[in-house]
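To start, the structure itself, in structure tokens.
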Amino acid sequence: MSETWSIIVHGGAGLIKPERREAKRAATLAAVQAGAVVLAAGGTAVEAVVAAVRLMEDDPHFNAGFGAVLNADRRVELDSALMDGATLDLGGVAAVQGVKNPIEVAHLMLRDEPVLLAGDGARRYAAEKGAAMIDPEAMIAPHRRTDDVADTVGCVVFDVEGNFAAGTSTGGRPGKRPGRIGDSPIPGAGLYAQNGVGAVSLSGEGELILRRILGARLVADLETTDAATAADRAIGAMGGQGGVGCIVLGADGGPAFAHNAPDFAVAMAQAGKPARAFLNRGEWQGD
Ligand code: GLY
């Protein structure tokens, strides 16, 4: 066991309106602090990811859980996944309604079969396993009836045992076709974690990320390069398309992020360093 740990969260890639900027910064900082508390107490990477993502799912500032964007039927329909880099175990739910915290359902699935469940099958699994269920109408935050900003959340962690984990959670794209599944719950697209290599979580237009298997490219790059270089190359691979962002931890737990969206709300913390939040790469000195 070492004294080293690190965590990054993101609160979505996209333009952050002036009136939302400081609230978004504070909410992202609160999420990284929730995960950092777990790590500082010797908790696992998986536990820290769940703590940080759950907080963002409960916060209507983010497009995840309560306050997620509405689909074409004016319903909240959620995707989320959790990956343990130590075992390559993965749990994910897609296009699910009626669950309060999809990251909790992904956590229940982590050591279970199958890896991914969608729609009513995911909802039934959640209910059977005792996850918190909720009337889908109660997941609609008042501002979502008029505001369609899409800001997926994610978290990557390196813990004191040297284990990596990654998680994502989203309501997807505003007005999406019911049943549409984005990149967020798909390993190698919206997230990945592998011990000895690193962990990644992405945000942005899911179809673009899926077509480029951007998470897989990132992890392959991390086998030979550092987090900052891999993050920049991944965004470069988009060829200027799409408002995309990625958070990355390299093999040594070193953090980085990159984006081609105008803003990307990110917060990071490491052992011995205070938690800090940034609304775009320009605010980060790379340290
Ligand atoms: N990146 C989230 C989505 O497209 O669903």
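The values are calculated or read from the model by the stated rules, or taken from the named source; none is laboratory data. If you're wondering where the values come from, they're calculated on a predicted model, not measured in any experiment. Reconstructed Cβ throughout: ideal geometry from the backbone, glycine too, with neighbour counts over all protein chains shown.
For this structure, a couple of remarks:
- The one condition in (1) more than 16 Å from the ligand (Cβ to nearest atom); (2) over 18 Å from the mean Cα position of the chain (by Cα); (3) buried (at least 24 other Cβ atoms within 10 Å of the Cβ) that Gly91 fails to fulfil: (2)
- Residue in the range 239-248 that is more than 16 Å from the ligand (Cβ to nearest atom) and either polar (S, T, N, Q) or modelled with pLDDT under 95 (or both) present: yes
- Hey, Val149 within 16 Å of the ligand (Cβ to nearest atom) and modelled with pLDDT of 95 or more or not: no
- Cross-chain or 6+ apart pairs with Cβ under 8 Å, the range 255-278 first and under 19 Å from Gly42 (Cβ atoms), then of a type in the set (Ser, Thr, Tyr): Ala269/Ser6; Gln270/Thr4; Gln270/Ser6; Ala271/Thr4; Ala271/Ser6
- In the set Phe66, Phe62, only one residue is touching an Asp or Glu at 6+ places or on another chain (Cβ under 7 Å) and either closer than 22 Å to Val200 by Cα or crowded, with 22+ Cβ neighbours inside 10 Å (or both); that residue is Phe62.
- Matching residues in the range 186-233 - criterion: being surrounded by fewer than 24 Cβ atoms within 10 Å (Cβ to Cβ), in a strand (DSSP E or B) and within 15 Å of the ligand (Cβ to nearest atom): Pro187
- When residues of the range 164-185 are limited to those that are small (Gly, Ala, Ser) and buried (at least 21 other Cβ atoms within 10 Å of the Cβ), the one farthest from the ligand (Cβ to nearest atom): Ala165
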